[in-house]
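The next block holds one structure in the form of structure tokens; read it before the comments.
Each reported figure results from applying straightforward, stated rules to the coordinates on display, with no laboratory input. Computed from a predicted structure; not experimentally measured. Cβ placement follows ideal geometry from the backbone for every residue including glycine, while neighbour counts extend to all protein chains displayed.
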Amino acid sequence: MATTGESTNLFRCANEPSSAIGWGASPLPPVRLRLCCWFARWFRWLTDAEPTLFGSGMKVITTDKDRFRNGAKDYAAYLGTFEGRLRTDLAFANLEDRVSRRLTTSQSLSALDVGGGTGTTAVRLASLGLHVTLLDSSKEMLEIAQTQARKAGVENKVALQLGDAMQLASLYPRQSFDAVLCHNILEYLEDPMPVLRGAARALRDSSALLSILVRNQSGEVLKSALQSGDLVRAKKDLSAEWGQESLYGGKVRLFTPDGLRAMLKAATLVPISEQGVRVLADYLPPRVSRSADYSQIFDLERQLSVRPEFAAIARYTQYFAHNSETMAESSCIE
């Protein structure tokens, strides 16, 4: 992306006659000229479609639809809260259980973190020894991720790329990664299928793993009733396809097990495991300390996550899946 002052600027904002801008023959007053200059630069930034990439020479086209584009610091702050930390820790622990098995049989694994934001999970994977590509549409998020990777000493294992997850299928060659993560991204999409198909396409072989973390409709019902005390909202959530999220304000997709399984099947993905994330932590009484008792809460949540009767009402559900096409190819080879 060209920066202000470069010869490729689309707008000249020097003290030139306003006729060059098309406003008449006389020069603009200084205040109006400065306003015009500011607007021209803002408009060019808004419409520029060639983003800077971190850790890659590839160029992709992105849009400005990502609601996180200007809220990177807010999101980073949320991940530091009890709820954000617990969601991240639980999902990563579930993922680490499966990735660690592959690490014992492979010297080098690569992962793609789609919509990985500020890089918390990507940095943890890199610390395990994986080479991680983090794809996100927010430059501000990637800048925070870059700082995190540097502090953790894994900047050589993390490639940060600015791009649109909806274009995933066209960004990377087929069968490029041993693991693909789609954590808390599908719920913000009008149509999750392009991302799921792109993720399936990117899985390397029959053992390659897709990890998905989404909002659970049943968990939203309990949140409205138990946490907010809104029984009317809870009743609506029983059949709602969309809910409201509080961090930025806006709608988020709510997933049911049957609905997501149907999406996975349509994307040639076969689910192999489902686990609940944050089953009861959101409803603990104040006397339970979110800091002093964190390890106990975490351990209990881990035990509940694999019990179907509890996982069914968790705030989030984590799905692990394989690509059915690469599994079939592997069977044919054998």
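What GluC sites (Glu not before Pro) in region 153-257 are in a loop by DSSP, with at most 13 other Cβ atoms within 10 Å of the Cβ?
E190, E241
Kindly work out what percent of the DSSP beta bridges joining two residues of region 72-333 are antiparallel, to the nearest 5.
45 percent
What FRET efficiency do you get for D282 and K251 if R0 is 30 Å and r is their Cβ-Cβ distance, rounded to the nearest 0.05?
0.90
Using mean Cβ contacts within 10 Å as the protection proxy, how do 194-202, 263-271, 167-175, 318-326 order, highest first?
194-202, 318-326, 263-271, 167-175
Taking 0.36 nm per residue of separation and subtracting the Cα-Cα distance, what length does fully extending D293 through R102 add?
Length difference between fully extended and current span is 65.5 nm.
For the pairs K73/K151; K73/K223; K139/K251; K73/K236, note any where the Cα-Cα span goes beyond 29 Å.
Those over the limit are K73/K236.
Could you sort the peptides 115-128, 223-236 by per-residue average Cβ neighbour count (10 Å cutoff), highest mean leading?
In descending order of packing, they fall as 115-128, 223-236.
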